[in-house]
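As structure tokens, the structure follows; a few thoughts come after it.
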Amino acid sequence: MQHYFSVEEPGLFHVFSISHLLVLGLFLILVLLLYLGRGPLRQPARSRAVRYSLAGILILCELSLNVWYVWGNRFDVRDTLPLELCSISLYLCVFMLLFQSLAIFRIVYFTGIGGALQAILTPALSYPFPHFRFIEFFAAHMAIILSVLYMLWVQGFRPRLRDVGITMIFLNILLVLILFINRLTGGNYMFLSHKPQTASLMDYLGPYPWYIVSLETVACVIFLLLYLPFALKNRKKGSKNHNSRSYEI
């Protein structure tokens, strides 16, 4: 049993290995089930149960991770503080779910889906299945995305185009703060000091520090792509309203 919780890295995680592909398949099934069940989940009691369950999963993931750090004498201010973008999105998701906050949704829709999806596809992970860290990592990141999609499909929350700019401002304020903390602790939070050791999107974005500028551009493009379905829907709705008014005239 201790093998599954050991802080010693038992073996390097391999991207798109069988275990990774199975997790991605499970994630797609959960997303599909959430979408297909969005109607029944709007019933108040069910809606409340799902919100609290998702918040509970996120809290459990974060608590268990920190207990594991302390238990294994692994806690280190250089790399175990909750200062990665996905960790910050996790905390935001908990508040969003508990308080049904539209303001938080309009940020975490972009940071949560954009960041967690990239993390799931190319994980910066050193522990393969069935290690605790593997399970916790994917459970937390999948729950982040599912929480945002839940608020989107069940609660009916929607992002606005201006929220792309607001999220970019939020990220840049965060970037300055994290750079200061990295200097203070010698850490590499949000990979602002150097690239991760495992394969990731950053491998294609140039050397340090230029990949940070590239990341800003990539983030903006990803956020715009995430908003695109709503832009197309609004345009289609506007076109229908225009045609209806023309017919009435």
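The values are calculated or read from the model by the stated rules, or taken from the named source; none is laboratory data. Nothing here was measured: the structure is a model prediction, and the numbers come from that model. Every residue, glycine among them, receives a Cβ derived from its backbone with ideal geometry; neighbour counts consider all protein chains shown.
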Mind listing whichever residues of segment 42-58 are over 22 Å from the mean Cα position of the chain (by Cα) and part of a helix (DSSP H, G or I)?
R42, P44, A45, R46
Single unsatisfied condition, Q197 versus (1) touching a residue at least 40 places away in the same chain (Cβ under 8 Å); (2) surrounded by 16 or more Cβ atoms within 10 Å (Cβ to Cβ); (3) not in a helix (DSSP H, G or I)
(2)
How about segment 154-165: which of its residues are touching a residue at least 40 places away in the same chain (Cβ under 8 Å), not aromatic (F, W, Y) and not in a helix (DSSP H, G or I)?
V154, Q155, R158, P159, R160, L161
Residue check for I107: crowded, with 18+ Cβ neighbours inside 10 Å, assigned to a helix (DSSP H, G or I) and touching a Phe, Trp or Tyr at 6+ places or on another chain (Cβ under 6 Å):
yes
Of F27, F16, the only residue that is in a helix (DSSP H, G or I) and under 18 Å from F134 (Cα atoms) is F27
If you take the residues in segment 171-187 that are without any contact (Cβ under 8 Å) to a residue 60 or more places away in the chain and surrounded by 14 or more Cβ atoms within 10 Å (Cβ to Cβ), which one is nearest to R158 (Cα to Cα)?
L175
List pairs: first residue in segment 85-98 and part of a helix (DSSP H, G or I), second residue of a type outside the set (A, V, I, L, M) and at pLDDT below 95 anywhere in the structure, Cβ distance under 7 angstrom, at least six positions apart or on different chains.
L85/G115; C86/G115; S89/G115
Need pairs with beta-carbon distance below 6 Å; first residue more than 17 Å from R162 (Cα to Cα) and within segment 211-226, second surrounded by fewer than 19 Cβ atoms within 10 Å (Cβ to Cβ); sequence gap 6+ or separate chains.
Y211/L205; S214/L205; S214/G206
Would you pick out the residues in segment 120-171 that are within 15 Å of the chain's Cα centre (by Cα), under 20 Å from R46 (Cα atoms) and of a type in the set (S, T, N, Q)?
S147
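Kindly establish whether M142 is assigned to a helix (DSSP H, G or I), at pLDDT below 85 and either surrounded by 11 or more Cβ atoms within 10 Å (Cβ to Cβ) or of a type in the set (A, V, I, L, M) (or both).
No; evaluated as a whole, the condition is false for this residue.
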Might you check whether a residue that is within 10 Å of the chain's Cα centre (by Cα), touching a residue at least 40 places away in the same chain (Cβ under 8 Å) and not in a loop (DSSP other than H, G, I, E, B) occurs anywhere in segment 69-82?
no
Within the group F16, F99, F27, which residue is within 23 Å of L149 (Cα to Cα) and exposed (fewer than 13 other Cβ atoms within 10 Å of the Cβ)?
F99
Matching option when the condition is in a helix (DSSP H, G or I), surrounded by 12 or more Cβ atoms within 10 Å (Cβ to Cβ), modelled with pLDDT under 90 and aliphatic (A, V, I, L, M), among M151, M168, M190, M202:
M202
